[in-house]
Amino acid sequence: MLDITLGQYYPGNSFIHRLDPRTKILSTLLLIVAVFLANTAIGYAALCAMVLFIILVSGLPFMLVLKSVKPLLFIIVLTLVLHAVMGQGEHVLYQWKFIKVTEEGLQLGVQMAMRLILLLMISSILTFTTSPIVLTDGIEALLRPFRVIGVPAHELAMMMTIALRFIPTLMEETDRIIKAQTARGADFSGGNLLVRAKNMLPILVPLFISAFRRADDLAVAMEARCYRGGEGRTRMHQLTYRSGDVMAFVFAFAMIGLLAFLRWGPKLV
Amino acid sequence: MSIKLEHVSYVYMPGTPYEKEALKDVSLEIRKGEFVAVIGHTGSGKSTLVQNLNGLLHPSKGTASLDGTDLSGKTQEAKQARGRIGMVFQYPEHQLFAETVYEDVAFGPRNLGLDNDEMDARVKEAMKFVGLDFETYAQRSPFSLSGGQMRRVAIAGVVAMNPDYLILDEPSAGLDPGSRRAVFAEIMALYKKRGIAIIMVTHSMEDAAKYAKRMLVINKGQIILDGRPGEIFLKEKNRLLEVGMDIPEVYKLADALRAKGLRLPNEITDAKLLLAEVKRRKGLK
Ligand SMILES: Nc1ncnc2c1ncn2[C@@H]1O[C@H](COP(=O)(O)OP(=O)(O)OP(=O)(O)O)[C@@H](O)[C@H]1O
Ligand SMILES: [Mg+2]
């Protein structure tokens, strides 16, 4: 249960959930390229339809994916407003003193905001449908070719895996320590910054001690099982591409093709 | 004087795919002066139950109250009520943080707003209770002590708050037999001298039989048995086995002897008693 409580993984068994993580990472990158190619209303409409389609196939609740936009909502609104009021162009829609909202500016603002929203939704579908551990596996596999130029693919992936593995454990530990100190009447709310920092000590000290103890135990346990880096290591779960992965790639390239056509191809209207 | 749970349910992570109902409609009253053991297999909801009992977790449904004061309230009164219920967590030594044993034990009393003299007296008394010599240990770093000693410092830190109800979540887990016995002796001394209530989560049927006057058996978030340990071990053996529990070895031995035709009284709580009975029946000295 521990490795999945982290992040936003939403367990399921849909077509998207079952895709190879490499496919999902690469397709996500391809779809991001597609988003940057869009420059017409039809293009954006196509992208929205595509995102809806993927959400439908993945079985994720639509609201859940939409909520992933929330952390950046402020920036999105800011982008929209800034572009709208600072834009150049002749078609003035509204003017108040030196503030001037033009049609061109508004269009650009909406485009930028749409772009951000689509990017957030597409990348969150990746993390919603792929557990962090599987995601690291995928990243390691994709980075492996770059070892020749000195990218420590295995070490990076191992570090990520360990970090991911321990975040929930440490969160649980933090929760327990906070409870234990609360039961002893500790108060973490009041006071100025200095007082508050001092109030955190009864939590931070035990937390650090336990983190170091765990790190120590883990190092010993790994060495006892003869871990010595990625050299000659085989895997229990081999990643393999299946027919579904081919379909996903075809779909992603088709999206890029469509958006490229809408951008550079003969004008339809 | 009692802690009361009324139709308490508790749900972890509601509204997520990991939603888990850890307590289901539990009603319970624990009076001052009781010694209650809570048993149940791993994940049955024991820790969740005791955390609801002292207001660290707030019931998703139902109420938890101490003498009529709702424990999940935000008022000063509710805070005071929570302060009267002490809690020693599983592996409490992992919560030590101060530079000296003295400072760690004094953390609770200080948070209660006691003056220095009173605090000093409380720390001394608490350390004495758990068998740590004040002169020797007060100024040592808690991290330089052995595991068993660290546990005692942690228990002292809770005892120093003079709780009316003391909850202990598996106080003997991971201790050697000597330290176990010492910790239990201290808990019993505390119970007898102060007349407070002890609520103890344990995995050991032997400990439940030996120390507790009342036993709660939890299964899948519900209290399925509530009564004197002796009675439960005698009458509800099958029910206990069904939910993955067991009965103490003495009870098994007494059962086996009864099956061989030896007549024994119903409640044989420990080995000494059994031995005495057997000797008496056989006319031995
Ligand atoms: N913080 C949490 N988040 C989600 N689920 C939890 C959490 N804590 C406990 N649970 C779940 O609630 C149920 C009851 O847990 P609880 O810790 O009360 O069991 P327990 O009887 O104390 O077990 P143990 O004997 O292992 O200490 C378990 O199924 C557990 O997985
Ligand atoms: Mg527990």
**Study point:** For segment A:194-269 and segment B:118-177, distance of Cα centres in Å
**Key:** 43 Å
Point to revise | Cross-link reach list, lysines versus B:Lys237, counting only Cα pairs under 16 Å and skipping chain neighbours closer than eight places | key: B:Lys252
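Can you compute the FRET efficiency between B:Glu135 and A:Leu72 using 1/(1 + (r/R0)^6), with r the Cβ-Cβ distance and R0 = 51 Å? Round to the nearest 0.05. Display every interim value, and only then the final one.
On the way: r = 60 Å, r/R0 = 1.18.
After rounding, the FRET efficiency stands at 0.25.
By DSSP, what percent of the beta bridges with both residues in the protein assembly as shown are antiparallel, rounded to the nearest 5?
Numbers: 24 of 41 bridges.
Just about 60 percent of them are antiparallel.
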**Study point:** Members of A:Lys67/A:Lys179; B:Lys61/B:Lys213; B:Lys20/B:Lys46; B:Lys46/B:Lys213; B:Lys124/B:Lys193 lying beyond 26 Å, as alpha-carbon distances in this model show
**Key:** A:Lys67/A:Lys179; B:Lys61/B:Lys213
Review point. If you count, for every residue in A:182-190, the Cβ atoms of partner chains within 10 Å of its Cβ, what is the mean?
Key: 6
Revision key, fill the gap. Here the FRET efficiency for B:Thr63 versus A:Arg263, based on Cβ atoms and R0 = 56 Å and rounded to 0.05, is 0.35
Review point. So between A:Thr240 and A:Phe188, what do we pick up on full extension, going 0.36 nm a residue minus the alpha carbon distance?
Key: 13.7 nm
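Which whole number gives the average count of other chain Cβ atoms within 10 Å of the Cβ atoms across peptide A:205-214? Could the numbers behind the result be given before it?
Values: counts 6, 5, 3, 1, 4, 3, 0, 0, 1, 0.
So the per-residue partner count for this stretch is 2.
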Check your understanding: Quick one: if you stick a label point 7 Å off each Cα along the C-beta vector at B:Arg281 and A:Phe62, how many nm between them?
Key -> 7.5 nm
Exercise for review: Take every residue in peptide A:85-92, count the Cβ atoms of other chains within 10 Å of its Cβ, and give the average of those counts.
Suggested key: 0
Practice item. Note down the nm distance, to one decimal, between modelled labels 7 Å out along Cα→Cβ at A:Ala221 and at A:Leu52. Key: 4.8 nm
Point to revise | Cα-based helix-to-principal-axis angle, A:243-264 vs chain A, degrees rounded to 10 | key: 40 degrees
Revision key, fill the gap. For B:Asn219, other-chain or 5+-apart residues with amide H closer than 5 Å (H placed, Pro excluded) are B:Ile224
Exercise for review: Please name whichever of B:Pro14, A:Asn199, A:Leu126 sits farthest to the positive end of the charge dipole of the protein assembly as shown, dipole taken about the Cα centre and charges placed at Cβ: Lys and Arg +1, Asp and Glu -1.
Suggested key: B:Pro14
Study note, to complete from the structure: In whole Hz, the Karplus estimates of ³J(HN,Hα) for segment B:107-123 (6.51, -1.76, 1.60; θ = phi - 60°; x where Gly or Pro) are 4, x, x, 4, 5, 6, x, 6, 7, 4, 5, 4, 4, 4, 4, 4, 5
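Quick check: with the 1.4 Å probe, what order do A:Cys48, A:Cys226 take by accessible area, largest first? Mind showing how you got there, number by number?
On the way: A:Cys48 50, A:Cys226 100 Å².
Most to least solvent-accessible, the answer reads A:Cys226, A:Cys48.
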Revision key, fill the gap. Quick shape check on segment B:94-162: root eigenvalues a ≥ b ≥ c of the Cα gyration tensor, a/c under 1.5 is rounded, otherwise prolate if a/b tops b/c, else oblate, and it reads prolate
Point to revise | Between segment B:16-55 and segment B:65-114, the alpha-carbon center distance in angstrom | key: 19 Å
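For the interface of A with B, what's the total buried accessible surface in square angstrom, probe 1.4 angstrom, rounded to the nearest hundred? Spell out each step's value before the answer.
Numbers: alone 17320 and 14330 Å², together 29730 Å².
Using a 1.4 Å probe, the pair buries roughly 1900 Å².
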Revision key, fill the gap. Two pseudo-spin positions, 7 Å from Cα along C-beta at B:Met188 and at B:Arg239, lie apart in nanometres by 2.8 nm
Exercise for review: Within segment B:113-153, find all residues whose amide N lies under 14 Å from a label point positioned 7 Å from the Cα of A:Phe212 along Cα-to-beta-carbon.
Suggested key: B:142-145
Check your understanding: If amide H atoms are built 1.01 Å from N in the plane of the peptide, which residues on other chains or at least 5 residues away come under 5 Å of the amide H of B:Val201?
Key -> B:Val38, B:Leu168, B:Asp169, B:Glu170
**Study point:** Value of relative contact order over segment B:83-142, rounded to a whole percent, pairs C-alpha under 8 Å and six or more apart
**Key:** 46 percent
Check your understanding: Of A:Ile76, A:Gln107, A:Gly89, which is farthest on the positive side of the dipole of segment A:68-138, counting Cα position, with +1 on Lys and Arg Cβ, -1 on Asp and Glu Cβ, and the Cα centre as origin?
Key -> A:Ile76
Point to revise | In degrees, nearest ten, helix B:147-159 long axis to first principal axis of chain B (Cα) | key: 70 degrees
Check your understanding: What angle do you read, to the nearest 10 degrees and between 0 and 90, between the alpha-carbon axis of helix B:177-194 and the longest principal axis of chain B?
Key -> 70 degrees
Review point. Rounded to the nearest 20 Debye, what is the dipole magnitude of chain B about its Cα centre when Lys and Arg each give +1 and Asp and Glu each give -1 at the C-beta?
Key: 1460 debye
Practice item. Could you compute the FRET efficiency for B:Ser72 and B:Lys252, with r as their C-beta to C-beta distance and R0 at 41 Å, rounded to 0.05? Key: 0.45
Exercise for review: Show the residues, 5+ positions off or on another chain, whose built amide H is closer than 5 Å to the amide H of A:Thr40.
Suggested key: none
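The values are calculated or read from the model by the stated rules, or taken from the named source; none is laboratory data. Note that the structure is predicted; figures quoted are calculated from it, not measured. Backbone-built Cβ (ideal geometry, glycine too); neighbour counts: all protein chains shown. The protein model used for the area step is the full one, side chains on, heavy atoms only, and it has no ligands, DNA or RNA in it. Shrake-Rupley method; radii C 1.70, N 1.55, O 1.52, S 1.80 Å.
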